[in-house]
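Asks: Just dropping this structure here.
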Amino acid sequence: MKDKISIGLFGFGVVAQGLVHVLKQTQGDRISIKKICVKDPDKARSLPDSMFTLDEDELLLDEDINLIVELIDDAEASYRIVKKSLQAGKQTVSANKKMLAAHLDELILLQKEHHVSLLYEPSSCGSIPIIRNLEEYYDNDLLQSITGILNGSSNYILSKMTGQGIDYAEALHQAQELGFAESNPTLDVEGIDALNKLVIITVHAFGLYVSPGNVFSFGISTISAQDIRFAKEKGRKIKLVGQVRKNQDNTLSMYVIPRMVSQEKYIYNVEDEFNGVVIKGAFYDKQFMFGKGAGGFPTSSAVLSDITALGYDYRYEYKKMKLQNRLEFSNQGIVHVYLRYAVESDFALFRFEEIRERYSSAGFNYVTGLITLENLQQIRTQLSGRNVFLAEI
Ligand SMILES: NC(=O)c1ccc[n+]([C@@H]2O[C@H](COP(=O)([O-])OP(=O)(O)OC[C@H]3O[C@@H](n4cnc5c(N)ncnc54)[C@H](OP(=O)(O)O)[C@@H]3O)[C@@H](O)[C@H]2O)c1
(Lines give C-alpha, C1' and ligand atoms only; values in the text may rest on other atoms or scores of the structure.)
Protein backbone atom coordinates (compact mmCIF):
# COMPACT_ATOMS: atom_id res chain seq x y z
CA MET A 1 0.00 0.00 0.00
CA LYS A 2 1.05 3.62 -0.57
CA ASP A 3 2.84 5.53 2.21
CA LYS A 4 -0.29 7.51 2.93
CA ILE A 5 -3.52 5.81 3.93
CA SER A 6 -6.51 7.86 2.88
CA ILE A 7 -9.71 6.52 4.42
CA GLY A 8 -13.27 6.70 3.19
CA LEU A 9 -15.34 6.07 6.31
CA PHE A 10 -18.89 4.74 6.23
CA GLY A 11 -20.95 5.56 9.32
CA PHE A 12 -20.42 7.99 12.17
CA GLY A 13 -21.90 6.14 15.12
CA VAL A 14 -20.43 4.64 18.30
CA VAL A 15 -17.53 2.77 16.64
CA ALA A 16 -16.75 5.31 13.90
CA GLN A 17 -16.58 8.19 16.40
CA GLY A 18 -14.41 5.96 18.59
CA LEU A 19 -12.10 5.49 15.59
CA VAL A 20 -11.80 9.25 15.02
CA HIS A 21 -10.83 9.64 18.68
CA VAL A 22 -8.38 6.72 18.68
CA LEU A 23 -6.76 7.93 15.44
CA LYS A 24 -6.22 11.39 16.94
CA GLN A 25 -4.50 9.87 19.97
CA THR A 26 -2.30 7.37 18.21
CA GLN A 27 -1.31 8.25 14.66
CA GLY A 28 0.90 10.75 12.94
CA ASP A 29 -0.07 12.01 9.51
CA ARG A 30 0.25 8.67 7.67
CA ILE A 31 -3.42 7.85 8.21
CA SER A 32 -6.19 10.35 7.54
CA ILE A 33 -9.93 10.26 6.98
CA LYS A 34 -10.82 11.99 3.71
CA LYS A 35 -14.60 11.72 3.70
CA ILE A 36 -17.40 10.21 5.80
CA CYS A 37 -20.62 8.83 4.32
CA VAL A 38 -23.65 8.86 6.63
CA LYS A 39 -27.39 8.35 6.22
CA ASP A 40 -29.21 11.05 8.14
CA PRO A 41 -28.74 14.57 6.70
CA ASP A 42 -30.23 16.26 9.76
CA LYS A 43 -28.02 14.87 12.53
CA ALA A 44 -25.62 17.27 14.26
CA ARG A 45 -22.00 16.09 13.77
CA SER A 46 -18.89 16.76 15.80
CA LEU A 47 -16.72 17.31 12.68
CA PRO A 48 -17.04 20.02 9.97
CA ASP A 49 -19.93 19.59 7.50
CA SER A 50 -17.43 19.43 4.62
CA MET A 51 -16.26 16.03 5.90
CA PHE A 52 -19.68 14.43 5.33
CA THR A 53 -21.62 13.19 2.35
CA LEU A 54 -24.74 11.10 1.79
CA ASP A 55 -23.45 9.77 -1.52
CA GLU A 56 -21.55 6.50 -1.16
CA ASP A 57 -19.99 6.82 -4.62
CA GLU A 58 -18.16 9.95 -3.50
CA LEU A 59 -16.03 7.57 -1.43
CA LEU A 60 -16.10 4.46 -3.56
CA LEU A 61 -15.18 6.23 -6.82
CA ASP A 62 -12.57 8.57 -5.32
CA GLU A 63 -9.18 7.40 -6.55
CA ASP A 64 -7.35 9.16 -3.69
CA ILE A 65 -9.18 6.99 -1.17
CA ASN A 66 -7.25 3.74 -0.90
CA LEU A 67 -8.99 2.23 2.12
CA ILE A 68 -12.69 1.90 2.93
CA VAL A 69 -13.69 1.48 6.56
CA GLU A 70 -17.30 0.33 6.82
CA LEU A 71 -18.87 0.92 10.25
CA ILE A 72 -22.60 1.07 9.63
CA ASP A 73 -25.47 -0.73 11.28
CA ASP A 74 -27.36 -1.79 8.15
CA ALA A 75 -26.26 -5.23 6.95
CA GLU A 76 -27.77 -4.93 3.46
CA ALA A 77 -26.15 -1.58 2.77
CA SER A 78 -22.92 -2.89 4.30
CA TYR A 79 -22.92 -5.83 1.86
CA ARG A 80 -23.43 -3.49 -1.10
CA ILE A 81 -20.69 -1.09 0.06
CA VAL A 82 -18.11 -3.79 0.91
CA LYS A 83 -18.74 -5.60 -2.38
CA LYS A 84 -18.40 -2.39 -4.42
CA SER A 85 -15.28 -1.44 -2.48
CA LEU A 86 -13.58 -4.78 -3.21
CA GLN A 87 -14.66 -4.65 -6.85
CA ALA A 88 -13.12 -1.16 -7.05
CA GLY A 89 -9.84 -2.64 -5.82
CA LYS A 90 -9.87 -0.85 -2.46
CA GLN A 91 -8.54 -2.41 0.73
CA THR A 92 -11.49 -2.72 3.10
CA VAL A 93 -12.26 -3.06 6.80
CA SER A 94 -15.71 -4.03 8.08
CA ALA A 95 -17.14 -4.51 11.57
CA ASN A 96 -20.50 -5.79 10.37
CA LYS A 97 -20.69 -9.36 11.67
CA LYS A 98 -24.27 -9.87 10.47
CA MET A 99 -23.26 -9.03 6.92
CA LEU A 100 -20.00 -11.00 7.10
CA ALA A 101 -21.62 -14.13 8.53
CA ALA A 102 -24.20 -14.08 5.74
CA HIS A 103 -21.78 -13.45 2.84
CA LEU A 104 -18.28 -14.52 3.88
CA ASP A 105 -18.03 -17.30 1.29
CA GLU A 106 -18.69 -14.85 -1.53
CA LEU A 107 -16.48 -12.12 -0.04
CA ILE A 108 -13.54 -14.54 0.19
CA LEU A 109 -13.85 -15.20 -3.56
CA LEU A 110 -14.18 -11.48 -4.34
CA GLN A 111 -10.94 -10.73 -2.48
CA LYS A 112 -9.11 -13.27 -4.62
CA GLU A 113 -10.70 -12.14 -7.83
CA HIS A 114 -9.83 -8.46 -7.30
CA HIS A 115 -6.50 -8.99 -5.49
CA VAL A 116 -7.61 -6.95 -2.50
CA SER A 117 -7.87 -7.61 1.19
CA LEU A 118 -10.90 -7.43 3.48
CA LEU A 119 -10.12 -7.45 7.21
CA TYR A 120 -12.76 -7.69 9.95
CA GLU A 121 -11.16 -8.17 13.35
CA PRO A 122 -13.62 -5.74 15.04
CA SER A 123 -16.54 -7.93 13.93
CA SER A 124 -15.70 -10.70 16.38
CA CYS A 125 -15.21 -9.99 20.08
CA GLY A 126 -14.46 -6.27 19.79
CA SER A 127 -10.95 -5.63 21.03
CA ILE A 128 -9.84 -9.29 21.30
CA PRO A 129 -7.57 -10.20 18.35
CA ILE A 130 -9.14 -13.62 17.88
CA ILE A 131 -9.28 -13.78 14.08
CA ARG A 132 -5.68 -12.87 13.38
CA ASN A 133 -4.50 -15.30 16.07
CA LEU A 134 -6.56 -18.15 14.67
CA GLU A 135 -5.33 -17.30 11.20
CA GLU A 136 -1.63 -17.02 12.03
CA TYR A 137 -0.77 -18.78 15.28
CA TYR A 138 -3.31 -21.60 15.36
CA ASP A 139 -2.47 -22.46 11.80
CA ASN A 140 -2.49 -26.24 12.23
CA ASP A 141 -4.80 -29.15 12.87
CA LEU A 142 -4.32 -29.30 16.66
CA LEU A 143 -7.31 -27.14 17.40
CA GLN A 144 -10.18 -28.99 19.09
CA SER A 145 -12.69 -26.34 20.07
CA ILE A 146 -13.39 -22.65 20.51
CA THR A 147 -15.81 -21.76 23.29
CA GLY A 148 -16.67 -18.24 24.23
CA ILE A 149 -18.75 -15.45 25.56
CA LEU A 150 -19.04 -13.64 22.26
CA ASN A 151 -21.67 -10.99 22.94
CA GLY A 152 -20.96 -8.10 25.30
CA SER A 153 -24.54 -6.86 25.75
CA SER A 154 -26.07 -10.18 26.74
CA ASN A 155 -23.15 -10.81 29.07
CA TYR A 156 -23.72 -7.38 30.60
CA ILE A 157 -27.42 -8.19 31.10
CA LEU A 158 -26.69 -11.59 32.68
CA SER A 159 -24.04 -10.04 34.96
CA LYS A 160 -26.44 -7.41 36.24
CA MET A 161 -29.29 -9.91 36.73
CA THR A 162 -27.03 -12.38 38.57
CA GLY A 163 -24.87 -9.97 40.54
CA GLN A 164 -27.28 -7.18 41.39
CA GLY A 165 -30.71 -8.79 40.99
CA ILE A 166 -31.72 -6.18 38.37
CA ASP A 167 -34.56 -7.32 36.13
CA TYR A 168 -34.05 -8.17 32.44
CA ALA A 169 -35.68 -5.04 30.96
CA GLU A 170 -33.67 -2.64 33.14
CA ALA A 171 -30.38 -4.46 32.43
CA LEU A 172 -31.07 -4.35 28.66
CA HIS A 173 -31.85 -0.64 28.89
CA GLN A 174 -28.51 -0.04 30.66
CA ALA A 175 -26.61 -2.00 27.97
CA GLN A 176 -28.25 0.15 25.28
CA GLU A 177 -27.48 3.40 27.12
CA LEU A 178 -23.83 2.38 27.41
CA GLY A 179 -23.57 1.71 23.64
CA PHE A 180 -22.92 -2.05 24.00
CA ALA A 181 -26.16 -3.23 22.43
CA GLU A 182 -26.73 -3.38 18.66
CA SER A 183 -29.20 -0.83 17.21
CA ASN A 184 -31.54 -3.83 17.02
CA PRO A 185 -30.97 -5.52 20.42
CA THR A 186 -32.85 -8.63 19.27
CA LEU A 187 -29.61 -9.66 17.58
CA ASP A 188 -27.82 -9.58 20.94
CA VAL A 189 -30.39 -11.14 23.23
CA GLU A 190 -31.59 -13.87 20.83
CA GLY A 191 -28.04 -15.17 20.42
CA ILE A 192 -27.89 -14.16 16.74
CA ASP A 193 -24.97 -11.77 17.17
CA ALA A 194 -22.99 -14.49 18.98
CA LEU A 195 -23.94 -16.93 16.21
CA ASN A 196 -22.71 -14.53 13.51
CA LYS A 197 -19.36 -14.24 15.30
CA LEU A 198 -19.17 -18.01 15.72
CA VAL A 199 -19.63 -18.42 11.96
CA ILE A 200 -16.77 -15.98 11.27
CA ILE A 201 -14.52 -17.55 13.92
CA THR A 202 -15.16 -21.05 12.52
CA VAL A 203 -13.92 -19.98 9.08
CA HIS A 204 -10.59 -18.98 10.63
CA ALA A 205 -10.40 -21.77 13.23
CA PHE A 206 -11.43 -24.77 11.12
CA GLY A 207 -11.59 -23.52 7.52
CA LEU A 208 -15.30 -24.15 7.12
CA TYR A 209 -18.01 -21.65 6.27
CA VAL A 210 -21.42 -22.63 7.62
CA SER A 211 -24.43 -20.48 6.88
CA PRO A 212 -25.88 -19.08 10.17
CA GLY A 213 -29.33 -20.45 9.28
CA ASN A 214 -28.06 -24.02 9.70
CA VAL A 215 -26.74 -23.53 13.23
CA PHE A 216 -28.86 -23.77 16.38
CA SER A 217 -28.88 -20.63 18.51
CA PHE A 218 -30.94 -19.73 21.53
CA GLY A 219 -30.64 -16.49 23.48
CA ILE A 220 -31.51 -14.99 26.85
CA SER A 221 -34.66 -12.99 26.10
CA THR A 222 -36.88 -15.44 28.02
CA ILE A 223 -34.63 -15.82 31.06
CA SER A 224 -36.33 -15.41 34.45
CA ALA A 225 -35.24 -14.94 38.06
CA GLN A 226 -36.16 -18.64 38.55
CA ASP A 227 -33.48 -19.69 36.06
CA ILE A 228 -30.85 -17.48 37.70
CA ARG A 229 -31.81 -18.94 41.11
CA PHE A 230 -31.68 -22.52 39.79
CA ALA A 231 -28.12 -21.90 38.54
CA LYS A 232 -27.05 -20.17 41.75
CA GLU A 233 -28.28 -23.07 43.89
CA LYS A 234 -25.95 -25.30 41.89
CA GLY A 235 -23.01 -22.89 42.30
CA ARG A 236 -23.24 -21.83 38.67
CA LYS A 237 -23.77 -18.67 36.61
CA ILE A 238 -25.74 -18.52 33.38
CA LYS A 239 -23.65 -17.22 30.47
CA LEU A 240 -24.52 -17.04 26.78
CA VAL A 241 -21.94 -19.28 25.14
CA GLY A 242 -21.03 -20.04 21.54
CA GLN A 243 -19.08 -23.18 20.76
CA VAL A 244 -17.53 -24.88 17.76
CA ARG A 245 -15.85 -28.23 18.34
CA LYS A 246 -14.23 -30.88 16.24
CA ASN A 247 -15.69 -34.36 16.75
CA GLN A 248 -13.83 -37.63 16.38
CA ASP A 249 -15.56 -38.43 13.10
CA ASN A 250 -14.14 -35.24 11.51
CA THR A 251 -17.41 -33.35 11.84
CA LEU A 252 -17.88 -29.96 13.47
CA SER A 253 -20.61 -29.17 15.99
CA MET A 254 -21.58 -25.53 16.35
CA TYR A 255 -24.22 -23.88 18.53
CA VAL A 256 -25.05 -20.90 20.73
CA ILE A 257 -26.97 -21.47 23.95
CA PRO A 258 -27.09 -20.13 27.53
CA ARG A 259 -24.92 -22.35 29.66
CA MET A 260 -24.76 -23.04 33.42
CA VAL A 261 -21.09 -22.38 33.97
CA SER A 262 -19.27 -23.77 37.02
CA GLN A 263 -16.66 -21.86 38.99
CA GLU A 264 -13.58 -23.63 37.68
CA LYS A 265 -14.27 -22.55 34.09
CA TYR A 266 -12.32 -19.58 32.70
CA ILE A 267 -15.49 -17.92 31.47
CA TYR A 268 -17.15 -18.01 34.92
CA ASN A 269 -15.49 -14.71 35.84
CA VAL A 270 -16.10 -12.93 32.54
CA GLU A 271 -18.53 -10.18 33.51
CA ASP A 272 -20.27 -7.12 32.05
CA GLU A 273 -19.42 -6.19 28.46
CA PHE A 274 -16.27 -8.30 28.49
CA ASN A 275 -15.83 -11.26 26.16
CA GLY A 276 -13.77 -14.37 26.83
CA VAL A 277 -12.69 -17.05 24.39
CA VAL A 278 -11.26 -20.44 25.35
CA ILE A 279 -9.14 -22.13 22.69
CA LYS A 280 -8.64 -25.85 23.23
CA GLY A 281 -5.96 -27.83 21.44
CA ALA A 282 -4.53 -31.32 21.42
CA PHE A 283 -1.28 -30.64 23.30
CA TYR A 284 -1.63 -27.30 25.07
CA ASP A 285 -5.05 -28.08 26.60
CA LYS A 286 -6.70 -24.68 27.05
CA GLN A 287 -5.77 -21.08 26.38
CA PHE A 288 -7.90 -18.10 27.24
CA MET A 289 -8.31 -14.69 25.58
CA PHE A 290 -10.16 -12.00 27.49
CA GLY A 291 -11.04 -8.39 26.76
CA LYS A 292 -13.69 -5.80 26.02
CA GLY A 293 -16.05 -7.15 23.40
CA ALA A 294 -18.08 -4.02 22.76
CA GLY A 295 -18.08 -0.25 23.05
CA GLY A 296 -16.74 2.50 20.83
CA PHE A 297 -13.10 2.71 21.92
CA PRO A 298 -12.32 -1.03 22.35
CA THR A 299 -13.94 -1.89 19.01
CA SER A 300 -12.28 0.99 17.20
CA SER A 301 -8.87 -0.13 18.47
CA ALA A 302 -9.45 -3.36 16.52
CA VAL A 303 -10.46 -1.26 13.49
CA LEU A 304 -7.21 0.68 13.81
CA SER A 305 -5.23 -2.53 14.05
CA ASP A 306 -6.77 -3.69 10.75
CA ILE A 307 -6.04 -0.32 9.13
CA THR A 308 -2.37 -0.50 10.11
CA ALA A 309 -2.19 -4.16 9.02
CA LEU A 310 -3.50 -3.15 5.60
CA GLY A 311 -0.74 -0.53 5.57
CA TYR A 312 1.72 -3.41 5.23
CA ASP A 313 -0.55 -5.33 2.84
CA TYR A 314 -1.66 -7.96 5.32
CA ARG A 315 -4.39 -10.31 4.12
CA TYR A 316 -6.10 -13.38 5.51
CA GLU A 317 -4.80 -16.44 3.67
CA TYR A 318 -7.75 -18.72 4.61
CA LYS A 319 -5.21 -21.54 4.61
CA LYS A 320 -7.40 -24.00 6.48
CA MET A 321 -10.02 -23.77 3.72
CA LYS A 322 -7.48 -25.29 1.35
CA LEU A 323 -6.69 -28.36 3.48
CA GLN A 324 -7.28 -31.79 1.93
CA ASN A 325 -8.94 -33.30 4.95
CA ARG A 326 -11.91 -30.93 5.15
CA LEU A 327 -14.31 -31.03 8.07
CA GLU A 328 -18.06 -31.26 7.68
CA PHE A 329 -20.69 -29.48 9.72
CA SER A 330 -23.13 -31.70 11.60
CA ASN A 331 -26.05 -31.26 14.00
CA GLN A 332 -25.78 -34.87 15.25
CA GLY A 333 -24.20 -33.87 18.60
CA ILE A 334 -26.08 -34.34 21.87
CA VAL A 335 -26.38 -31.66 24.55
CA HIS A 336 -27.39 -31.92 28.20
CA VAL A 337 -29.92 -29.18 28.85
CA TYR A 338 -32.16 -27.59 31.46
CA LEU A 339 -35.56 -26.68 30.00
CA ARG A 340 -37.96 -24.44 31.93
CA TYR A 341 -41.44 -24.26 30.47
CA ALA A 342 -44.88 -22.96 31.39
CA VAL A 343 -47.29 -25.28 29.56
CA GLU A 344 -47.16 -28.98 28.64
CA SER A 345 -47.72 -28.25 24.93
CA ASP A 346 -44.41 -26.34 24.89
CA PHE A 347 -42.60 -29.23 26.58
CA ALA A 348 -44.11 -31.61 24.02
CA LEU A 349 -42.17 -29.87 21.22
CA PHE A 350 -38.90 -31.28 22.55
CA ARG A 351 -37.84 -34.85 21.72
CA PHE A 352 -35.54 -35.76 24.59
CA GLU A 353 -33.24 -38.78 24.15
CA GLU A 354 -33.15 -39.19 27.89
CA ILE A 355 -34.76 -37.31 30.80
CA ARG A 356 -32.54 -37.04 33.88
CA GLU A 357 -34.66 -34.90 36.23
CA ARG A 358 -38.18 -33.52 36.17
CA TYR A 359 -39.76 -30.99 38.53
CA SER A 360 -43.19 -29.40 38.59
CA SER A 361 -44.82 -26.95 40.97
CA ALA A 362 -47.21 -24.05 40.66
CA GLY A 363 -45.46 -21.63 38.30
CA PHE A 364 -42.15 -23.50 37.91
CA ASN A 365 -41.66 -26.58 35.72
CA TYR A 366 -38.39 -27.87 34.44
CA VAL A 367 -36.72 -30.96 33.04
CA THR A 368 -33.09 -31.75 32.53
CA GLY A 369 -31.97 -34.29 29.96
CA LEU A 370 -30.20 -35.14 26.73
CA ILE A 371 -31.35 -33.86 23.38
CA THR A 372 -29.81 -33.68 19.89
CA LEU A 373 -28.85 -30.38 18.28
CA GLU A 374 -30.78 -31.63 15.26
CA ASN A 375 -34.03 -31.74 17.23
CA LEU A 376 -33.35 -28.30 18.73
CA GLN A 377 -32.65 -26.86 15.28
CA GLN A 378 -35.84 -28.48 13.86
CA ILE A 379 -38.06 -26.79 16.45
CA ARG A 380 -36.06 -23.53 16.66
CA THR A 381 -38.59 -21.32 14.85
CA GLN A 382 -41.49 -22.80 16.84
CA LEU A 383 -39.84 -21.70 20.11
CA SER A 384 -40.19 -17.99 19.29
CA GLY A 385 -42.70 -16.22 21.48
CA ARG A 386 -43.08 -19.14 23.92
CA ASN A 387 -42.32 -18.92 27.61
CA VAL A 388 -39.52 -21.48 27.57
CA PHE A 389 -35.90 -21.11 28.61
CA LEU A 390 -33.10 -23.48 27.68
CA ALA A 391 -29.60 -23.74 29.10
CA GLU A 392 -26.86 -26.28 28.64
CA ILE A 393 -25.76 -27.91 31.87
N1 LIG B 1 -21.06 -0.78 19.14
C2 LIG B 1 -20.25 -1.79 19.37
O3 LIG B 1 -19.79 -1.99 20.51
C4 LIG B 1 -19.82 -2.70 18.25
C5 LIG B 1 -18.89 -3.72 18.51
C6 LIG B 1 -18.46 -4.55 17.47
C7 LIG B 1 -18.96 -4.35 16.19
N8 LIG B 1 -19.89 -3.38 15.97
C9 LIG B 1 -20.40 -3.23 14.60
O10 LIG B 1 -19.96 -1.97 14.11
C11 LIG B 1 -20.93 -1.45 13.20
C12 LIG B 1 -21.32 -0.03 13.66
O13 LIG B 1 -21.88 -0.14 14.96
P14 LIG B 1 -22.19 1.17 15.82
O15 LIG B 1 -22.49 0.67 17.19
O16 LIG B 1 -21.13 2.18 15.63
O17 LIG B 1 -23.54 1.67 15.13
P18 LIG B 1 -24.36 3.00 15.41
O19 LIG B 1 -23.79 3.75 16.57
O20 LIG B 1 -25.79 2.63 15.44
O21 LIG B 1 -24.08 3.89 14.10
C22 LIG B 1 -24.47 3.43 12.85
C23 LIG B 1 -24.00 4.41 11.79
O24 LIG B 1 -24.29 3.86 10.52
C25 LIG B 1 -24.72 4.90 9.67
N26 LIG B 1 -25.46 4.33 8.54
C27 LIG B 1 -26.50 3.45 8.57
N28 LIG B 1 -26.87 3.13 7.31
C29 LIG B 1 -26.04 3.81 6.47
C30 LIG B 1 -25.90 3.91 5.07
N31 LIG B 1 -26.70 3.21 4.25
N32 LIG B 1 -24.92 4.70 4.57
C33 LIG B 1 -24.10 5.39 5.38
N34 LIG B 1 -24.17 5.37 6.74
C35 LIG B 1 -25.14 4.58 7.27
C36 LIG B 1 -25.55 5.78 10.58
O37 LIG B 1 -25.65 7.04 9.97
P38 LIG B 1 -26.37 8.29 10.67
O39 LIG B 1 -25.36 8.79 11.68
O40 LIG B 1 -26.57 9.25 9.55
O41 LIG B 1 -27.63 7.77 11.29
C42 LIG B 1 -24.69 5.77 11.85
O43 LIG B 1 -23.71 6.80 11.80
C44 LIG B 1 -22.10 -2.46 13.19
O45 LIG B 1 -21.92 -3.34 12.12
C46 LIG B 1 -21.93 -3.22 14.50
O47 LIG B 1 -22.43 -4.54 14.43
C48 LIG B 1 -20.32 -2.55 16.96
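Asks: Once both axes come from the Cα atoms, what is the angle between helix 75-87 and the longest principal axis of the chain, in degrees from 0 to 90, rounded to 10?
Replies: So the inclination is approximately 40 degrees.
Asks: Further, regarding this structure: Report, by chain and number, residues whose modeled amide H sits under 5 Å from the one on Lys35, excluding near sequence neighbours (fewer than 5 apart, same chain).
Replies: For Lys35, whose amide H was placed from the backbone, the distant partners under 5 Å are Leu9.
Asks: Here is a follow-up. From the cross-link list Lys239/Lys265; Lys239/Lys319; Lys4/Lys90; Lys232/Lys265; Lys98/Lys292, which pairs have alpha carbons spaced over 23 Å apart?
Replies: Check vs 23 Å cut-off fails for Lys239/Lys319.
Asks: Still on this structure, please answer the following. Compute the angle between helix 97-114 and the longest alpha-carbon principal axis of the chain, please, reported from 0 to 90 degrees and rounded to the nearest 10.
Replies: In the chain, helix 97-114 runs at an angle near 40 degrees to the longest axis.
Asks: So for the chain: antiparallel DSSP bridges make up what percent, rounded to the nearest 5? Numbers along the way, then the final one.
Replies: Numbers: 49 of 72 bridges.
Given both bridge residues lie in the chain, the antiparallel proportion sits at roughly 70 percent.
Asks: Please compare each pair in Lys35/Lys84; Lys34/Lys112; Lys39/Lys197 to a cut-off of 22 Å on the Cα-Cα distance and tell me which ones are over it.
Replies: As for pairs spanning more than 22 Å Cα to Cα, those are Lys34/Lys112; Lys39/Lys197.
Asks: Per residue, what accessible area does segment 237-314 have, given a 1.4 Å probe and all protein chains present, in Å²?
Replies: Ligands and nucleic acids excluded, the result is 39 Å² per residue.
Asks: Only Cα pairs under 8 Å and at least 6 apart count here; give the relative contact order of the chain as a rounded whole percent.
Replies: Dividing the mean separation by the residue count of the chain yields 18 percent.
Asks: To continue, here is another question. For segment 276-283, in order, what is each residue's ³J(HN,Hα) by Karplus, 6.51 cos²θ - 1.76 cosθ + 1.60 with θ = phi - 60°, in whole Hz (x at glycine and Pro)?
Replies: Karplus values, whole Hz, x for Gly and Pro: x, 10, 9, 10, 10, x, 5, 10.
Asks: How large is the charge dipole for the chain, taken about the Cα centre, if only the Cβ atoms of Lys, Arg (+1) and Asp, Glu (-1) carry charge, to the nearest 20 debye?
Replies: Its charge dipole is roughly 900 debye.
Asks: Apply the Karplus curve 6.51 cos²θ - 1.76 cosθ + 1.60, θ = phi - 60°, to the phi angles in segment 45-54 and return the couplings in whole Hz, x for Gly and Pro.
Replies: Calculated HN-Hα couplings, in order: 10, 8, 10, x, 3, 5, 6, 9, 8, 9 Hz.
Asks: Let me ask something else. Mind checking the angle between helix 14-26 and the chain's longest principal axis? C-alpha axes, 0 to 90 degrees, to the nearest 10.
Replies: It is inclined by approximately 50 degrees.
Asks: With a 1.4 Å probe and every protein chain kept in, tell me what percent of the accessible surface of the chain is carbon plus sulfur. Please report the intermediate quantities before stating the final value.
Replies: Working: 8150 of 16820 Å².
The nonpolar share, carbon plus sulfur, comes to 48 percent.
Asks: Another one. For segment 242-261 and segment 317-393, what is the separation of their Cα centres, given in Å?
Replies: Spelled out, the Cα-based centre of one part sits 12 Å from the other.
Asks: A follow-up question, please. Quick query: amide H of Tyr255 versus all other amide H atoms, modeled in the peptide plane; which residues come in under 5 Å with a sequence gap of 5 or more or a different chain?
Replies: Gln243
Asks: Could you order Met289, Met1 by accessible surface area, starting with the largest, using a probe radius of 1.4 Å?
Replies: The ordering from most to least exposed comes out as Met1, Met289.
Asks: OK, next. How would segment 54-157 be classified by its alpha-carbon gyration tensor: rounded, prolate or oblate, with rounded meaning a/c under 1.5 and the a/b versus b/c comparison settling the rest?
Replies: Oblate is the answer for segment 54-157, as a/c is 1.5 or above yet b/c matches or exceeds a/b.
Asks: For Asp167, enumerate residues with amide H under 5 Å from its amide H, sequence gap 5+ or separate chain, H modeled in the peptide plane.
Replies: Those lying under 5 Å, H to H, from Asp167: there are none.
Asks: A follow-up question, please. If contacts are Cα pairs under 8 angstrom and at least 6 residues apart, what is the relative contact order of segment 282-393 in percent?
Replies: That works out to 27 percent.
Asks: Hey, another quick one. What list of ³J(HN,Hα) values in whole Hz, one per residue of segment 344-356 in order, does the Karplus curve 6.51 cos²θ - 1.76 cosθ + 1.60 (θ = phi - 60°) give from phi, with Gly and Pro shown as x?
Replies: 4, 5, 6, 4, 5, 5, 8, 10, 6, 6, 7, 9, 9
Asks: Determine how many Å³ per residue the convex hull of the Cα atoms of the chain encloses.
Replies: Convex hull volume per residue, Cα atoms: 144 Å³.
Asks: Moving to a separate point now. What number, in percent, do you get for the relative contact order of segment 128-259 if the mean sequence gap of Cα pairs under 8 Å and at least 6 apart is divided by its residue count?
Replies: RCO, segment 128-259: 30 percent.
Asks: Debye calculation, C-alpha points only, no solvent: report log10 I(q)/I(0) for segment 237-331 at q = 0.18, 0.24 Å⁻¹, in the same order as the q values.
Replies: Values returned for q = 0.18, 0.24 Å⁻¹ are -1.15, -1.23.
Asks: Moving on to the next point. Roughly how many Å² of Leu60 are accessible to a 1.4 Å probe, to the nearest 10?
Replies: Taking all protein chains as shown, Leu60 has close to 10 Å².
Asks: Next question, about the same structure. Can you tell me the length gained on complete extension of the stretch Arg45 to Lys286, counting 0.36 nm per residue apart and subtracting the Cα distance?
Replies: Residue separation times 0.36 nm, minus the Cα-Cα distance, leaves 82.2 nm.
The values are calculated or read from the model by the stated rules, or taken from the named source; none is laboratory data. Worth saying up front: this structure is predicted, and the values here are computed from it rather than measured. Don't worry about glycine lacking a Cβ; one is built from the backbone with ideal geometry, like all the others, and counts go over all protein chains shown. Each accessible area value is taken on the protein alone, full model and side chains, heavy atoms only, with ligands, DNA and RNA left out. Shrake-Rupley method; radii C 1.70, N 1.55, O 1.52, S 1.80 Å.
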